[in-house]
Amino acid sequence: MPDLSGKVAIVTGAGRGIGRAHALALAAAGAKVVVNDLGGSLAGEGADLSPAEQVVAEIEAAGGEAIADGENVADFEGARRLVEHAVAAFGGVDIVVNNAGILRDRMLVNMDEDEWDAVIAVHLKGHFAVTRHAAAHWRERAKAGEQLHARVINTSSPSGVFGNVGQTNYGAAKAGIAGFTLIAAQELGRYGVTVNCLAPNARTRMTEETFEMGERPEGFDPLDPANMSPVVVALCADDAQEITGQVLHVWGGAVNALQGWTSGELFQRDEGWDADGLLAAMLERFPDGAAPEGMVAGMQKAGGQSLRAS
């Protein structure tokens, strides 16, 4: 395991599921961890610090250092206070794992404004707000002459990169996070910060409410949230300094470095197109039509091309 001793990590949404697994793994690697969790319901309602406190207790019982934090990452000032809490408690921030999220699934024709706004706020704005304040902290350290090995690990979803019916709000936020990762990686590299992103497949309270996850197998469980955390720890190692802007689909022992928009099918005519000509060319190229594959087909295809651990 990479040695993260002396590093300080913020993990949002760390009271349960994937975030909890990340917090435990980072602490086991030697990092001091700020366990952030508002402690609300799946829909983002209410607040309860006890899930974060329980994870802190687990880390301390194993000999690590951690503190609980209940700030709402969708609140810009709350995100600032979260970063300041880490700096005050541990002297700085080296790692940000943006993981907090909620669900308010609904078919598009039935979705109301609050269901859209709440999901976009927690996922997309939450990623922006925490990263923005951490980035300001890192810029000041870099300007002072410090050579940084700082990390941002974002959390997208197969729903965001492949698309899933009933999740226009969640999928749009998660697709936005993938795009945010690509741009933030380019902007923050000058300060010694890498920015990467996971698109995890795991059994959590969020996914079990949405999908049929099947029985828990004996032995290795490909949907165990803990399968995601070695990827986070690896990306946080100093040796991973040149790996940035990647979106990694993780499913069991498969880690697939996804490729974003590609040139795909090219329709080109030197003198330019008129509508009739372009339509005819499209119908010839797509005699059976063209439509998104959807999440299940996308995941299956990605899994077939994955890098599998030996």
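The values are calculated or read from the model by the stated rules, or taken from the named source; none is laboratory data. Since this is a predicted model, take the numbers as computed values, not measurements. Here the Cβ is made from the backbone with ideal geometry for all residues, glycine too, and neighbour counts use every protein chain on show.
A few remarks follow.
- Segment 207-310 holds helices (runs of 4 or more DSSP H) entirely within its bounds, and those carrying 2 or more residues that are at pLDDT below 90 and in contact with a strand residue (DSSP E or B) (Cβ under 6 Å, 6 or more places away or on another chain) map to 295-304.
- Check on residue 52, assigned to a helix (DSSP H, G or I), among the aliphatic types (A, V, I, L, M) and farther than 27 Å from residue 186 by Cβ: yes
- Segment 54-90, subset acidic (Asp, Glu) and crowded, with 18+ Cβ neighbours inside 10 Å, residue nearest to residue 103 (Cα to Cα): 71
- Test: residue 97 is among the β-branched types (Val, Ile, Thr) and either in contact with a Gly (Cβ under 6 Å, 6 or more places away or on another chain) or surrounded by fewer than 19 Cβ atoms within 10 Å (Cβ to Cβ) (or both): no
- The residue of segment 1-43 that is surrounded by the fewest Cβ atoms within 10 Å (Cβ to Cβ), among those that are at pLDDT 95 or above and in contact with a Cys (Cβ under 8 Å, 6 or more places away or on another chain), is 29.
- The one condition in (1) in a loop (DSSP other than H, G, I, E, B); (2) under 23 Å from residue 119 (Cβ atoms) that residue 2 fails to fulfil: (2)
- Out of 10, 67, one residue alone is within 22 Å of residue 157 (Cα to Cα) and either in contact (Cβ under 8 Å) with a residue 24 or more places away in the chain or assigned to a strand (DSSP E or B) (or both). It is 10.
- Hits in segment 241-264 - residues which are loosely packed, with under 13 Cβ neighbours inside 10 Å and in contact (Cβ under 8 Å) with a residue 60 or more places away in the chain: 260
- Here residue 123 clears all of (1) assigned to a helix (DSSP H, G or I); (2) without any contact (Cβ under 8 Å) to a residue 24 or more places away in the chain except the condition numbered (2).
- Taken over segment 76-120, the residue count meeting the criterion of being more than 24 Å from residue 31 (Cβ to Cβ), touching a strand residue (DSSP E or B) at 6+ places or on another chain (Cβ under 7 Å) and in a helix (DSSP H, G or I) is 1.
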